[in-house]
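The next block holds one structure in the form of structure tokens; read it before the comments.
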Amino acid sequence: MDFLRTVFFTDISLFMGISSLLVVAILTFLYLKKIDEIKEREDKIRKLEDNLEEMDEQARLIVKTDLELSQTQEELDRKITSLLALQRLSQDLSSSLEEEKIFSHIRPEIISELGFELCLVVLKEKGSLVAKTSIGLDNKESLNVLLGLMKQKDFLDLLIKERILYPNNLSSSFEQVRKHLKEEIKLKSFIVSVIQTKEGVLGVVILGSFSEEEIFKGVRETIEILSTQISQAIENIALFEQLYNSQQELEVKINERTRDLQRALEEISKINQLKSQFVSAVSHELRTPLTSIKGYASLLVQEKFGKLPSDIKVRLERINQQSDSLVSMINDLLDIARIESGRMKIDIQKVDIVELAKRVGDLLFPQMQEKNIHLKLECPESLAIDADKKLIERVLINLLNNAVKFTPQDKAITIAVGEEKDYVKVSVKDEGIGISQEDLGNVFREFYKVDNPVNKELKGTGLGLSLAKNIVKAHKGDIWAESALGEGANFIFTLPR
Ligand code: ATP
Ligand code: MG
């Protein structure tokens, strides 16, 4: 029994022991699980906290970026306003051709649009500095002191080196100017830029603000553009003045030259007049005795004073012929002089130029036949013009005469008559010896004869073309020759209809 009881109690206590162990184990397990859960939650909370912090940081960043953006926007707006103002100013400056006008374009509202309250434009003038623009600085005394400080050589030298100066520039040569601008003129911020051209430093531009400590970003470009614009405008004026002066000089020279030429022309025409008068007078004087010589020679040749020995008759015949050519030469000279001096009466009438050309062809037919020269006419049926018939006939005779004279046997000569818009064109073209380019410009001069075998054999006077030219000119027409040596010549003249 005892044994049983002992066993029973032993079992119970074992059971109890095991149970309580189990309970402890379960409880421990549950406890550990709880702890895990708590840890997990704690982790989650920490993560949440981290996230929150991150979001906070981001929110702060967003606010900062927003601030920066709006600052940038503001800066951009200022820049756009100042650029627009600069653009307007630049247009005004580039269209100014007087110095005073340049500076009148730099107005307070433009300076304010550029973001400043003070603007000084100072230029070197006859060894001193002069304020051409002074906006925002009414105190003359203060301005004069500033000009005095800036005039110092080391300050100008500094400007050439630096080009742009800010208040924080530490250079000692800038110190006095900087102090004056800050302490006397009371600028909170400013910037100084040099006005410079190829010639060197012309002056400076100062832009400043009484209210803002900091000069906005990008001001360097603004003031550089402004000072470049001013220097370009000043250069433009100098160039314009140079151009204007040289144009003026040129005009004076041209006027002088024109006057000289006019004087020379008057002189020439006077001399020409004198020459014509002289030729006229001499020809007149020569004509009277010549007519008498010619008359006697002609009567003698005709043996009106008795029969002559044949050798004397031959010589008299030569005298007679030579007096004929002398008479014709004197007549030509007289006519040229008359036309040149305007004393020749021109009898304008309706003339059929085609009929006239044919008549001249008939007139010179014997000479052409002698050399077996064929005359071609390229003309309309008829063509009426207003002209002096006798004079135009002389032109045609002279041209055809020359053509026959300078064309060898068996060749052809062509007379062509045509009508252009408001004039008639007549040409006499041959297949003769031609004229060199060198002589072509001279053949219309009085007494000019080309040195050639034909001229050596046949003695012309060299007056035919000169007379022809004078006649054509008196009709307000034109005459010229086209030719090359050995290739025939073409003499052309035009007459108004
Ligand atoms: P004039 O006509 O007074 O009797 P000329 O015939 O010599 O003498 P122009 O008619 O004035 O004088 O001609 C001047 C020169 O021009 C001639 O001597 C000749 O050298 C040249 N000339 C003129 N016509 C022709 C031509 N058709 N062909 C070649 N040379 C010509
Ligand atoms: Mg001639």
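Of note:
- Consider region 459-473 and keep the residues that are over 13 Å from Arg445 (Cα atoms) and under 41 Å from the mean Cα position of the chain (by Cα). The one that is surrounded by the most Cβ atoms within 10 Å (Cβ to Cβ) is Val472.
- Screening Lys217 on (1) in contact with an Asp or Glu (Cβ under 9 Å, 6 or more places away or on another chain); (2) at pLDDT 85 or above shows it passes everything except condition (2).
- So Glu457, is it more than 10 Å from ligand 1 (Cβ to nearest atom) and free of Cβ contacts under 8 Å to residues at least 12 places away in the same chain: yes
- Spans of helices (runs of 4 or more DSSP H) in region 347-407 with at least 3 residues among the charged types (D, E, K, R): 353-363, 389-405
- Enumeration of residues in region 412-451 that are assigned to a loop (DSSP other than H, G, I, E, B) and in contact (Cβ under 8 Å) with a residue 40 or more places away in the chain: Glu420, Asp422, Glu431, Gly432, Ile433, Gly434, Ile435, Ser436, Glu446
Each row is one residue, and each column tells you yes or no for (1) exposed (fewer than 11 other Cβ atoms within 10 Å of the Cβ); (2) at pLDDT 95 or above; (3) under 38 Å from the mean Cα position of the chain (by Cα).
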residue	(1), (2), (3)
Ile225	no, no, yes
Ser231	no, no, yes
Glu235	no, no, yes
Glu251	yes, yes, yes
Asp260	yes, yes, yes
Ser276	no, no, no
Leu300	no, no, no
Glu303	no, no, no
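- Residues in region 448-477 that are closer than 21 Å to Arg343 by Cβ and more than 11 Å from ligand 2 (Cβ to nearest atom): Lys469, Asn470, Ile471, Val472, Lys473, Ala474, His475, Lys476, Gly477.
- Among the residues of region 423-434, the one identified as near ligand 1 (Cβ under 8 Å from one of its atoms) and either open to solvent by 20 Å² or more (accessible area, probe 1.4 Å) or modelled with pLDDT under 95 (or both) is Ile433.
- Residues that are assigned to a helix (DSSP H, G or I) and open to solvent by 70 Å² or more (accessible area, probe 1.4 Å) were ranked within region 148-173; the one that is farthest from Val121 (Cα to Cα) is Ser172.
- Taking the numbered list (1) within 25 Å of Ile336 (Cα to Cα); (2) in contact (Cβ under 8 Å) with a residue 12 or more places away in the chain; (3) more than 9 Å from ligand 1 (Cβ to nearest atom); (4) under 40 Å from the mean Cα position of the chain (by Cα) in turn, Ala481 passes all entries but (3).
- Qualifying positions in region 283-327 - over 24 Å from Gly464 (Cβ atoms), free of Cβ contacts under 8 Å to residues at least 12 places away in the same chain and not in a loop (DSSP other than H, G, I, E, B): Thr288, Pro289, Ser292, Gly295, Tyr296, Leu299, Ser310, Asp311, Ile312, Val314, Arg315
- Within region 338-358, tally of residues that are farther than 22 Å from Leu274 by Cα, surrounded by 15 or more Cβ atoms within 10 Å (Cβ to Cβ) and not acidic (Asp, Glu): 6
- Residue in region 481-492 that is open to solvent by 40 Å² or more (accessible area, probe 1.4 Å) and within 16 Å of ligand 2 (Cβ to nearest atom) present: no
The values are calculated or read from the model by the stated rules, or taken from the named source; none is laboratory data. Bear in mind that the values here come from a model prediction, so they are computed numbers and not experimental data. Every residue, glycine as well, gets a Cβ built from its backbone with ideal geometry; the counts of neighbours run over all protein chains shown. Just the protein is used for accessible areas: all its heavy atoms, side chains included, with ligands, DNA and RNA removed. Shrake-Rupley method; radii C 1.70, N 1.55, O 1.52, S 1.80 Å.
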